[in-house]
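Peer 1: The structure is given below, and queries will be raised subsequently.
The values are calculated or read from the model by the stated rules, or taken from the named source; none is laboratory data. None of the values given here were measured: they were computed from a predicted structure. For neighbour counting, all protein chains shown are included, and Cβ atoms are generated from backbone atoms with ideal geometry for every residue, glycine included.
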Amino acid sequence: MESSKSLLETFNRDGYAVISSFLTEEECQTLKAACGRIMEEMNPEEHSSHVFHVGEKATKSRDDYFLTSGDKIRFFFEPDAVDETGKLLVPKDISVNKIGHALAWIDPAFKKVTFSQKVAKVCRTLGLEDPRLVQSMYIFKNPGIGQKVNTHQDSTFLYVQPTSSLLGFWFALEDASEENGCLYFVPGSQNRVCAT
């Protein structure tokens, strides 16, 4: 990991910092295996009517299932994965857009990584004095299905005051590229007002 001073300077300037190989290969495999187990145990009939939308449809589809998911592990399906009755149209293992929002509180593998000393060290380095975990998700980027996520700032979804106290960690458990759905950042955008 880069020096604490360099990490803080990069973060303050750009609004993000990339820490290559932050998780070990073993940690990545453990989290992927935990997610695989969670998916295997999931009964699609109990969850498949809950589709995750982006853009304009997102606001209209924020139902009770989504809004009360902060202390649960819940499944949000791709729009093209289910029909209007909630019946799966694709194999279960590629049907889910994301699992949220309390993985780090409930699942031991996610909890171990989230509350690790190395995550705590990054929080301290970036000046968080009393960090709080408000959500944790596993976002899938399955081939051949899914929707484009438009440019946004997380602070428009997770409101805190001051907005500078909101910090997100994004762990790529596989190599990320433009072809498989990598995350983009706009350097300095933390200093701009985001239209939502």
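Peer 1: When segment 92-130 is examined, which residues are found to be within 18 Å of Lys72 (Cα to Cα) and polar (S, T, N, Q)?
Peer 2: Listed by number, the residues that qualify are Asn97, Thr114.
Peer 1: Listed residues Leu133, Leu183; which is touching a helix residue (DSSP H, G or I) at 6+ places or on another chain (Cβ under 7 Å) and hydrophobic (A, V, I, L, M, F, W, C)? Walk me through it before giving the result.
Peer 2: On the way: Leu183 fails: touching a helix residue (DSSP H, G or I) at 6+ places or on another chain (Cβ under 7 Å).
So the residue among Leu133, Leu183 that is touching a helix residue (DSSP H, G or I) at 6+ places or on another chain (Cβ under 7 Å) and hydrophobic (A, V, I, L, M, F, W, C) is Leu133.
Peer 1: Turning to a different aspect of this structure: Out of segment 27-56, which residues are surrounded by 14 or more Cβ atoms within 10 Å (Cβ to Cβ) and part of a loop (DSSP other than H, G, I, E, B)?
Peer 2: Met42, Ser48, Ser49, His50, Phe52, His53, Val54
Peer 1: Looking only at segment 118-152, which residues are hydrophobic (A, V, I, L, M, F, W, C), touching a residue at least 40 places away in the same chain (Cβ under 8 Å) and in a loop (DSSP other than H, G, I, E, B)? Spell out the reasoning first.
Peer 2: Of all residues in segment 118-152, those hydrophobic (A, V, I, L, M, F, W, C) come to 119-120, 122-123, 126, 128, 133-134, 137, 139-140, 145, 149.
Narrowing the set further to residues that are touching a residue at least 40 places away in the same chain (Cβ under 8 Å) leaves 119, 122-123, 126, 134, 139-140, 145, 149.
Selection gives Leu126, Val134, Phe140, Ile145, Val149.
Peer 1: In this structure, does Asp71 turn out to be farther than 21 Å from Ala104 by Cα, at pLDDT 95 or above and either surrounded by fewer than 18 Cβ atoms within 10 Å (Cβ to Cβ) or among the polar types (S, T, N, Q) (or both)?
Peer 2: On the way: farther than 21 Å from Ala104 by Cα: no; at pLDDT 95 or above: yes; either surrounded by fewer than 18 Cβ atoms within 10 Å (Cβ to Cβ) or among the polar types (S, T, N, Q) (or both): yes.
No, not satisfied.
Peer 1: Next question. Can you tell me which residues in segment 110-159 are within 18 Å of Asn12 (Cα to Cα), in contact with a Ser or Thr (Cβ under 7 Å, 6 or more places away or on another chain) and of a type in the set (Val, Ile, Thr)?
Peer 2: Listed by number, the list holds a single entry, Thr125.
Peer 1: Please determine whether any residue of segment 114-130 is within 20 Å of Asp71 (Cα to Cα), surrounded by 13 or more Cβ atoms within 10 Å (Cβ to Cβ) and under 14 Å from the mean Cα position of the chain (by Cα).
Peer 2: yes
Peer 1: Among (1) more than 18 Å from the chain's Cα centre (by Cα); (2) modelled with pLDDT of 95 or more, where does Trp105 come up short?
Peer 2: Only one criterion in (1) more than 18 Å from the chain's Cα centre (by Cα); (2) modelled with pLDDT of 95 or more is unmet by Trp105, namely (1).
Peer 1: So the check is Cβ under 8 Å with 6+ separation or different chains; which pairs have a first residue in segment 153-174 that's assigned to a loop (DSSP other than H, G, I, E, B) and a second one that's among the acidic types (Asp, Glu)?
Peer 2: Leu166/Asp154; Gly168/Asp154
Peer 1: Something else: Return a yes/no flag: does segment 16-26 have any residue that is over 18 Å from Arg124 (Cβ atoms), part of a helix (DSSP H, G or I) and not acidic (Asp, Glu).
Peer 2: First pass over segment 16-26, keeping only residues over 18 Å from Arg124 (Cβ atoms): 18, 20-21, 23-26.
Okay, now just the ones that are also part of a helix (DSSP H, G or I), so 25-26.
Next, only the ones that are not acidic (Asp, Glu) stay: none.
Taking every residue of segment 16-26 in turn, none turns out to be over 18 Å from Arg124 (Cβ atoms), part of a helix (DSSP H, G or I) and not acidic (Asp, Glu).
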